[in-house]
Amino acid sequence: MSSPALRPGGFGLTALLAFLTSFGPLSVDLFLPSMPAIGRAFDAPESQVQLTISLYLVGYAIGQLLYGPLSDRFGRKPVVLTALAIFCLGSLGAAFAHGLEWLILGRIGQALGASGAMIVTRAVVRDFYEGAHAGRQLSVMGMMMGLVPIVAPIIGGLLLVSAGWRAGFAFHFAVGALALLLVWRYLAETHRPSSTSIAAVAASYRTVAMHPVFLANMIVGCFAYSGLFAWIAGSPFVLQGLIGLTPLQFSLCYAVSCAGFMTGGAIATRLVLQFGLDRTAGLGVLALALAGTAAAVSVAVGVALPITLTASMALFLCGMGMALPQVTAGALTPFPHHAGTASSLVGFAQQCSGAIMGIAVGNTLGTSAWPMVAGVAVAGIASLGLWAATRAQRTRSAKPAATT
């Protein structure tokens, strides 16, 4: 006898959707402590071990373009089940890899699976909710997901010390298998499959990509997201290499900054139904701009201390936790029939913007914190400026786009 499906508005469905969105950060943050051990195990230089991250991000970006149209065509549930199965297979492949090349292939499999879980989950939210209610749901999910970057490195470190680096991938497999079971038993199909041709898929991408409401929301979200990757790319070098923190001290600073994202999500859940998507996002991008400015000032006056940079980034991620769910919901709102496609384009654009920022910061780091804080400041100030400049497009009535 099948179990009853979880219904919208309940904690169970929200928790399940948040769990599915956590696979991306989980498969990165839990893996990070194992990278030196993997290099030693395969006698590989750091530059080659870094491919387990960079090629993961490539796979994650590519996967985001695929799953949205597939979920519009075949339905949400079979596609997310397929994505989770790919994640599990990739985790198994990585766990039993006997060479770095096979490990990288397993990581790409994890990326392709994790990206599908994220994209289809956002489409499910759009199927159930719209407008401010969708923004609130994404904020709650983001708040729950914000725990992952805090606890995943700790779990990864404990598994590494107690059982070796392969244990982390065994943990990934177990989590993926649990998600498969929960989705199969408790997630209802939320979208009626359609007989969409390849030409129709291309047309739906064109329809979404040219919609002014979609573009206005997407570009604000991309700049906000890029600031996070400036911090990810630069913080280990700045806080450990320049300022001299130990790895444990760095981990604590990173955890504090990540707690800002959870705080922003909690604030947004209380504000969005009262103030709406646009004004809640506006408060978020204001925090982004203030945080970026504060980080730049701390470097300019020579007080780039761990406490000032961490506090600035905690405020930045708080603003991101407030703004990003709202502009994502706004981007998906006009597309009840192409929510998967819209979710794919949003995710791909955000991932590309983050990758570009991360590469730029990583290639310009030297003996100064300026490349990192400049990236954060540009991202924050640009987000606020673009929010103001595109407000007319975003706040117009987001009527459903014509179907193709």
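The values are calculated or read from the model by the stated rules, or taken from the named source; none is laboratory data. What you are looking at is a predicted structure, and each value in this text was computed from that prediction instead of being measured. When we count neighbours, we look across all protein chains shown, and the Cβ atoms used for this are built from the backbone with ideal geometry, even at glycine.
Overview of values
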quantity	calculated
Residue match in the range 185-193 (condition: over 26 Å from Phe31 (Cα atoms), assigned to a helix (DSSP H, G or I) and free of Cβ contacts under 8 Å to residues at least 40 places away in the same chain)	no
Candidates Ser298, Ser235, Ser312, Ser226, filtered to the one that is under 19 Å from the mean Cα position of the chain (by Cα), polar (S, T, N, Q), farther than 30 Å from Tyr129 by Cα and buried (at least 18 other Cβ atoms within 10 Å of the Cβ)	Ser235
Every residue from the range 70-92 that is part of a helix (DSSP H, G or I), of a type in the set (Gly, Ala, Ser) and more than 9 Å from Gln110 (Cβ to Cβ)	Ser71, Ala83, Ala85
Subset of the range 1-45 (residues that are assigned to a loop (DSSP other than H, G, I, E, B), small (Gly, Ala, Ser) and at pLDDT 85 or above)	Ser22
Flag if Ala268 is assigned by TED's automatic domain parsing to the domain that holds Gly330, at pLDDT 85 or above, buried (at least 17 other Cβ atoms within 10 Å of the Cβ) and more than 18 Å from Gly362 (Cα to Cα)	yes
Failed item in (1) surrounded by fewer than 24 Cβ atoms within 10 Å (Cβ to Cβ); (2) more than 28 Å from His191 (Cβ to Cβ); (3) out of contact with any Phe, Trp or Tyr (no Cβ under 7 Å at 6 or more places or on another chain), with Leu386 passing the rest	(3)
Cross-chain or 6+ apart pairs with Cβ under 7 Å, the range 67-96 first and outside the structural domain of Ala339 (by TED's automatic domain parsing), then buried (at least 24 other Cβ atoms within 10 Å of the Cβ) and not in a helix (DSSP H, G or I)	Asp72/His338
